[in-house]
Amino acid sequence: MALALAHFVREENPSRRTEVWKEILKMKTPRFVASVTSSAVLCAALLSAVTVVSAQSAAPSDGEKSFTLLKSLAGTWKGPVTTDSKDMDMEGKPIWITLRVTSRGNAVVHEMKEPGTPDDPKRDDPITMLYLDERRLYLTHYCDAGNRPRMVARTSPDGKTVEFDFVDLAGDTQYGHMHHVVFTFIDANHHTEDWTYMTPGDKPANAVHAHLDLQRAR
């Protein structure tokens with residue numbers, strides 16, 4: 001009886017399910033059949049609910065959609081930097097941005113570099129990691145200031161802007177920390193990045209904003 005009932009619940013062919021049900025009805029008394037009928041209806045309802053939930057969970061989250069879009073930026077980008085502080089050394093200078101998909105597609109490495117400079121760990125070439133955690137998109141910035149701020153993404157309704165809001169930080173804050181990042185997708189060969197650095201004391205009025213207008217170099 002148990003095997004027959006399980007067969008009935010799993011069977012997808014309507015005509016075959018009818019045949020299986022007729023076989024079940026021949027097995028026991030009317031009272032038992034009534035009990036089995038209720039159980040079968042409940043099992044079928046639960047199976048349907050599980051199917052719906054599975055279909056919903058299979059749909060990509062906003063974080064997963066944004067992560068896929070960020071992966072499409074893999075390559076090298078070049079463009080000018082403008083800031084709201086004319087005292088910044090980077091003002092008006094070109095910058096190279098390299099994005100690389102790694103760890104079997106589970107992470108994106110973002111690296112900033114001034115063109116023509118050697119690979120030297122003593123230089124300011126910060127690394128940023130982008131990754132998914134429980135279907136949400138996170139960013140961890142490994143800053144030359146000696147700390148690691150973590151941020152979580154929220155995506156614009158049109159999916160073209162991914163904004164990362166500050167969550168927490170590990171490391172020293174003596175020299176300030178990166179606090180906010182925005183990626184804006186224009187087309188396959190053009191995107192912008194906006195980085196906000198919070199100076200010591202965490203005063204928003206003293207935050208420094210840098211805008212990167214980037215074109216794909218390769």
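Data overview
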quantity: Computed label-point distance, nm, for sites Thr82 and Arg150 using a 7 Å Cα→Cβ extension; calculated: 3.5
quantity: Ordering of 58-67, 191-200 by packing [mean C-beta count within 10 Å, highest first]; calculated: 191-200, 58-67
quantity: Cα gyration tensor shape of the stretch 62-216, rounded if a/c is under 1.5, else prolate or oblate by comparing a/b with b/c; calculated: rounded
quantity: Neighbourhood charge, 14 Å Cβ-Cβ cut-off, centred on Pro149 and excluding it, Lys, Arg +1 and Asp, Glu -1; calculated: -3
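FYI, it's all coordinate maths here, none of it is from the lab. Nothing here was measured: the structure is a model prediction, and the numbers come from that model. When we count neighbours, we look across all protein chains shown, and the Cβ atoms used for this are built from the backbone with ideal geometry, even at glycine.
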